[in-house]
Amino acid sequence: MNTSVRSTARLIGAGLRALLVLALVTGVLYPLAVTGVAQGLFPGEANGSEIRSEGKVVGSELIGQRYDLPVKGGGRTRVPDLRWFQPRPSNGLGTNTVNTQYELLLSGATNRAGDNAELLRWVKDAKAAAVKDNSTASHKVKPGDVPADAVTSSGSGLDPHISPEYAELQVPRVAEKNQLDVAQVEKLVAEHTDGRILGFIGEPRVNVLKLNIALKDLATR
């Protein structure tokens, strides 16, 4: 009996020691090592790819945001603030008026099969809104001018980028709303257009948050 108890105690003791060692290695030392390497080599990415403006964190390069007018009267319908460049349509983007307030971000796509009636209605409504919102007194948008990313969401619903074509579509409206010259806003878009990664991966793209920060700086000069 005593031998059995001692053997059991030794096994339990060995198991506890192994648990403590593994907990220390995998729960403390390994995370600290990975965090240290990440902070040393990739501090921006390790901290969430933060974007700062006027000394404050206003968002991330990796997560899209909306630019809407404040909702009035307790309503829930969000109306885009047409002074700013708008992101791809999505129910996943939290409301943000030049990044001073935040809402819960819910990831989710609006994609459906190509012949889905609901998707066709969404696209039709989004295209009509894009034509209406981006037409000005001196510049009328045609339905054929509206690019695909202006009427469909990304797979995650949180895409922070739009195509250069969608950004260009918004230039006349943004220039008019901010009392800026169209050429100034076009230059802003060109300066914030990123090319393909390594020259051949992906497509050219524009980060909407970075573009709107630059627009704010230009409009307040």
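The values are calculated or read from the model by the stated rules, or taken from the named source; none is laboratory data. Predicted model only: the values in this text are computed from it and were never measured. Neighbour counts are summed over all protein chains in view; Cβ atoms, including those assigned to glycine, are modelled from backbone coordinates with ideal geometry.
With respect to Pro31, determine if the residue is modelled with pLDDT of 85 or more and either of a type in the set (Ser, Thr, Tyr) or exposed (fewer than 12 other Cβ atoms within 10 Å of the Cβ) (or both). Taking the combined requirement at face value, the residue satisfies it.
The set of residues from the stretch 64-91 being under 21 Å from Ser154 (Cβ atoms) and at pLDDT below 85 comprises Arg78, Pro89, Ser90, Asn91. Please verify whether Ala167 is touching a helix residue (DSSP H, G or I) at 6+ places or on another chain (Cβ under 7 Å), among the small types (Gly, Ala, Ser) and either modelled with pLDDT under 95 or within 19 Å of Pro147 (Cα to Cα) (or both), treating the condition exactly as stated. Criteria met by Ala167. Restricting attention to the stretch 40-74 and to residues that are surrounded by 12 or more Cβ atoms within 10 Å (Cβ to Cβ) and more than 18 Å from the chain's Cα centre (by Cα), the residue that is nearest to Pro89 (Cα to Cα) turns out to be Leu69. Candidates in the stretch 92-111 are the residues that are at pLDDT 50 or above and within 23 Å of Leu169 (Cβ to Cβ); of these, the one that is surrounded by the fewest Cβ atoms within 10 Å (Cβ to Cβ) is Asn111.
Output the residue which, of all residues in the stretch 142-163 that are modelled with pLDDT of 95 or more and of a type in the set (A, V, I, L, M, F, W, C), is surrounded by the fewest Cβ atoms within 10 Å (Cβ to Cβ). Step by step, filter the stretch 142-163, then rank; the result is Val146.
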